[in-house]
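Chemist: Provided herewith is a single structure, encoded as structure tokens, for subsequent inquiry.
The values are calculated or read from the model by the stated rules, or taken from the named source; none is laboratory data. Everything numeric in this text was worked out from a predicted model, so none of it was measured. Quick reminder, even Gly has a Cβ in these numbers, built from the backbone with ideal geometry, and neighbours come from all protein chains shown. The accessibility values were calculated without ligands, DNA or RNA, using every heavy atom of the protein model including side chains. Shrake-Rupley method; radii C 1.70, N 1.55, O 1.52, S 1.80 Å.
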Amino acid sequence: MAGEVEAAEVTGVKHLSSAEAAAEEEKLRLLREAVHALPVNAVKDLWSIGACVRCIFRLFGLHELMCSHPSLSISKWCDILEDVMRKKDGEFNEQSHQERSRETNFCKICLGILQFLYYDDTGTLLKKYSADDFAVVISELVKQQYQQIDSFSLEVSLPSAVTENDQAVWLYMKKKYRHELWFQEKAEYQFISTKDILKLLVINPLQRLLGVKSTQSSFRVRLTYSHSDALTRDDVQEGNGGNKRRKTGMLSCQNAFFPFDILNKAGFTGDLKTTGESVTPHVESFDSHIVDGDGLTKVCPKEAQDLSCNNLMAQLDKVGKPCSLTIHCCRSSTYIGGRYLKYSRNVSQTRWVIDDERMGESSIEEIIGGAILPIFQGDNYKFHAAGREDIDVRMLGTGRPFLVEIQNAHQVPSEALIKEIEKKINSLESQYSLHILHQVRVKNLRAVGSQGWDLMREGEAEKQKQYAALVWISRPVSDEDLQTISSLKELKVAQKTPIRVLHRRSPLEREKIIHWMQVERVSGSSQYLLLHLCTQAGTYIKEFVHGDFGRTQPSIGSILGCRTEILQLDVTDVKMDCFQEE
């Protein structure tokens, strides 16, 4: 397999100051001291079953030291381990040379994950010799796809076989060494899972390379390891009917994963916070968990469980090659809010197609979203508005509040650029028809967080809308008609679901309030009037005018005692506080 490996050693030489060199030397001294304290027989045992040097260190609880040396290659770790062990046991040197060839293959316990040995998306087998090298791969992908990020969170998904291997090795060690003093004093509660160690190794180099902190973030870097012979954790959860994190006897540790004091000792400087999937320790298969003062999840299997060496090797031999790795970056949805005005009676709010035939010339959704998406370089967008008007209804006045949700935006424009987007939309020529040039405009465009939803919902149930309707009645309009209508205040109206929307709305009866009405005569005709009214949100105005065959009571028609029809309707104001002029 060694011939297949495409190596990536660090070629740059970093010149250290005398203080930095002294600090590095002190770290190496502490490392050698820690290695010197390891039991030779147990180290030889783990190496003989196919453990890589990083797995050996984590099995003995040396995670702090591993995280303190992200630039050390795996061969250097082997050299240090061999050198110290050889001084303690002359026979170790001969065995270690026989076993060193394992490092060019892959670890049977972590399946090459902690060796940074993996197949990429093209099926090429790659090996990165240090955590720094591996972090470079991730950071280059991030920088290539995203021009700006202000923080990140790291998520890891591993095959279930890795957890099973962790459990099998731990049970083997517990059975064989439980009576030895070194195991009782330290190792028994110091075993950390492969997933946790991988995060601890990679996060600090990633922070340095990306120039931002790892914290609870809208930008996520996800490492998904998969194997044809093993299911991932997500696959197991999906097969079990959803997101099932807990098993019998397991203590929830979602808020106690990353060891802040250990990370600080290792040089970690980020403001790391726990966040759902990204920090849940991947050790569900173990029977119980102990959370110590460091915040790391320590594993302590049931006393009754045993595992012989033959059973262990049978477990470790189930998978015979490294995992495939997919690195995926994703930003949570970005929101742009504002208000839109629509001056056309042939533009729908969203794209409207019936029986493969397009209704209207264009849509608000396409005009606004189509202008925003390319600039944000997002994957897709969704359009949300505070209510909607029919295609033949104009939206005037201060406009209707809306949000455009950009999914996985690769670029986050500045405030100045957002203003340029607003100008672009307001001068946009429609790709469908020159007729709707300048017929759709936006105002008060701005970037908002997820709180944009709160702004949209705030007062939505209580919001009022004002309308202007051109109404025809079947007889001449009298002064008494004008006075009757204008005198009505806080009029309660019972509306059954209109016939025109029964095919898509539930057949319900709703009570709405008409707050006030004002009426103007239309010069040159005795049977037309201009009706201004302010209503509760959700009122069907067209049906309030003509009565909808008695399904709306009272209506303008029933109040005047004659037939009435609505000819044109405009929304003149949506009374909501969000996205107003600053």
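Chemist: Give me the percent of DSSP beta bridges within region 310-451 that run antiparallel, rounded to the nearest 5.
Modeler: Expressed as a percentage, antiparallel bridges in region 310-451 total about 90.
Chemist: Per the Kirkwood definition applied to all pairs of different Cα atoms, how many angstroms is the hydrodynamic radius of region 461-574?
Modeler: 14.2
Chemist: Too long at a 26 Å Cα-Cα cut-off: which of Lys195/Lys382; Lys143/Lys443; Lys27/Lys175; Lys143/Lys423; Lys419/Lys463; Lys108/Lys128?
Modeler: Lys195/Lys382; Lys143/Lys443; Lys27/Lys175; Lys143/Lys423; Lys419/Lys463
Chemist: Something else about it: State the extension gain, in nm to one decimal, for the chain segment bounded by Ile354 and Asp479, taking 0.36 nm per residue of separation less the distance between their alpha-carbons.
Modeler: Between Ile354 and Asp479, full extension yields 40.6 nm more.
Chemist: Can you sort Lys199, Lys492, Lys512 by solvent-accessible area, 1.4 Å probe, largest first?
Modeler: In descending accessible area the options line up as Lys492, Lys512, Lys199.
Chemist: Could I ask something else about it? R0 = 60 Å: FRET efficiency of Lys143 with Glu33, Cβ-based, nearest 0.05?
Modeler: Given R0 = 60 Å and the Cβ-Cβ separation, E is 0.95.
Chemist: Here is a further query. Can you give me the distance in nm between label points at Gln216 and Gln411, each placed 7 Å from the Cα along the Cα-to-Cβ direction?
Modeler: 3.1
Chemist: So, in nm, how far is label Glu520 from label Asn311 when the simple model puts each one 7 Å beyond its Cα toward the Cβ?
Modeler: Between Glu520 and Asn311, the simple spin-label model gives 8.9 nm.
Chemist: Between Ser558 and Arg500, how many nm apart are label points set 7 Å from Cα along the C-beta direction?
Modeler: Label-label distance for Ser558 and Arg500, simple model: 1.9 nm.
Chemist: Which chymotrypsin sites (Phe, Trp or Tyr not before Pro) from region 529-561 combine a DSSP loop assignment with at most 16 other Cβ atoms within 10 Å?
Modeler: Hits after loop and neighbour filter: Phe549.
Chemist: Using only protein heavy atoms and a 1.4 Å probe, report how much of Met359 is accessible, in Å² to the nearest 10.
Modeler: About 50 Å², rounded to the nearest 10.
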